[in-house]
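Report on the following structure.
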Amino acid sequence: MSANEDQFDNILLALAEKHRGGVPEFLHTLASFLRRKTDFYTGAKQAEWEKMLLDVFRKESKLAMAAHEEKLKAREATQRLKDEKERAEREARQKEMDDNKICDISDEEAAAIIKEEEDKKRQQLLDGAAGDSARVTTVNEELSKPIEKVDDDTEKDELGKLQPNSGNGCTLDKYMWTQTLQEVELKIPFNVPFALRARDIVVNIGKKTLKVGIKGQEPVIDGELYAEVKQEESLWVIQDNKTVVITLEKINRMNWWSRLVTTDPEISTRKINPESSKLSDLDGETRSMVEKMMYDQRQKEMGLPTSEDRKKQDILEKFKQQHPEMDFSKCKFN
């Protein structure tokens, strides 16, 4: 390499700037100069001048790559030194804080540190309560028990089903629910050593799905509801800082639910007490229709005639009395 390799830089830079096509056009000018003004191409064999060109360019390429690698190494070394310095400053700062020394931090940084510590302690408490966080602890409401005995054969299908609780729903190990014809109310007590906040709870109410639990833990409920609900009219609150209460508005207000989610054990809807269904809240016409439907449902379950069947029977009996001369022995009631 010539010691004065940069002596023509100014001339070559001025020449290169005149080539708007960049390096390819600049190289083309040099090659054209050699063709027009020298015997570079004709004074030697093609293999010889091609080798000469490749040797020159390969040599310069190696020098360029070596210089580029040196720059990268220098840049990486500088970044490492910077990272190590920042890490040492952070560690020193943290040590100063841990030793309760005066630390020059902003109010926002101090608030963020305090919040982070509180969140860590809160999560530790949640993790410690995992597994026993949800348990029904009601004093006046026992767990729903299976029906072991029925009065007659018409109720034999109810054997094994759970007896409804006092709210026409079911009391299970981890939660209890009650119902009216209009809505379902679900209560989930959480056994945690602090007051629950909304940010601690996960509640997702879908049209026919429900997911409830504490963040970071397995949900207490995560499944398909027995029937569809009105999402926009369903809501949830935290009661007494320990219990999540969810109200689900039924879409079909003419049927009782036999379970909350499809994975729950079934309750006997025949054992439901209609007086607890708030029928008195309905208007006269709706209440009459609902009572009629409930009566017909119970009659069908017991294999007895419905109100419509009784009405037809009454008409037939009246017709018999008006026409004693007719033989009705082969007349069947459908």
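Quick notes
- Pairs meeting the criteria (first residue in the range 311-334 and modelled with pLDDT under 75, second residue of a type in the set (Gly, Ala, Ser) and part of a helix (DSSP H, G or I), beta carbons under 6 Å, at least 6 apart or on different chains) are lacking.
- Taking the conditions (1) open to solvent by less than 20 Å² (accessible area, probe 1.4 Å); (2) outside any strand (DSSP E or B); (3) within 30 Å of Met302 (Cβ to Cβ) in turn, Trp177 satisfies each one other than (2).
- Checklist (1) more than 19 Å from the chain's Cα centre (by Cα); (2) touching a residue at least 40 places away in the same chain (Cβ under 8 Å); (3) in a strand (DSSP E or B); (4) more than 30 Å from Lys300 (Cα to Cα) applied to Asn241, failing item: (3)
- Test result for Lys85, part of a helix (DSSP H, G or I) and either modelled with pLDDT of 75 or more or among the charged types (D, E, K, R) (or both): yes
- A count restricted to the range 184-199 and to residues that are in contact with a Leu (Cβ under 9 Å, 6 or more places away or on another chain) and surrounded by 19 or more Cβ atoms within 10 Å (Cβ to Cβ) stands at 4.
- Any hit, the range 71-79, residues being closer than 29 Å to His19 by Cβ and modelled with pLDDT of 90 or more: yes
- Filtered residues of the range 4-26 (kept if among the hydrophobic types (A, V, I, L, M, F, W, C), within 21 Å of Trp49 (Cβ to Cβ) and surrounded by fewer than 12 Cβ atoms within 10 Å (Cβ to Cβ)): Val23
- Residues satisfying the stated conditions in the range 298-310, i.e. at pLDDT 75 or above and open to solvent by 100 Å² or more (accessible area, probe 1.4 Å): Arg310
- Number of residues in the range 153-174 that are open to solvent by 70 Å² or more (accessible area, probe 1.4 Å) and either assigned to a strand (DSSP E or B) or more than 18 Å from Val244 (Cβ to Cβ) (or both): the value is 6.
- Boolean, Val229 is surrounded by 18 or more Cβ atoms within 10 Å (Cβ to Cβ), of a type in the set (A, V, I, L, M) and at negative phi: yes
- Counted residues, the range 30-56 - those being within 21 Å of His19 (Cβ to Cβ) and either surrounded by fewer than 10 Cβ atoms within 10 Å (Cβ to Cβ) or touching a residue at least 12 places away in the same chain (Cβ under 8 Å) (or both): 2
- Hits in the range 212-238 (condition: of a type in the set (Lys, Arg) and part of a strand (DSSP E or B)): Lys230
- Residue in the range 240-254 that is open to solvent by 70 Å² or more (accessible area, probe 1.4 Å) and under 30 Å from Asp152 (Cα atoms) present: yes
- Filter pass, Gly216 being farther than 30 Å from Asp157 by Cα, of a type in the set (Gly, Ala, Ser) and either in contact (Cβ under 8 Å) with a residue 40 or more places away in the chain or touching a strand residue (DSSP E or B) at 6+ places or on another chain (Cβ under 6 Å) (or both): yes
The values are calculated or read from the model by the stated rules, or taken from the named source; none is laboratory data. Because the structure is predicted, anything quoted here is derived from the model rather than measured. Neighbour counts run over all protein chains shown; Cβ positions are idealised from the backbone, glycine included. All accessible areas refer to the heavy atoms of the entire protein, side chains included, with ligands and DNA or RNA removed. Shrake-Rupley method; radii C 1.70, N 1.55, O 1.52, S 1.80 Å.
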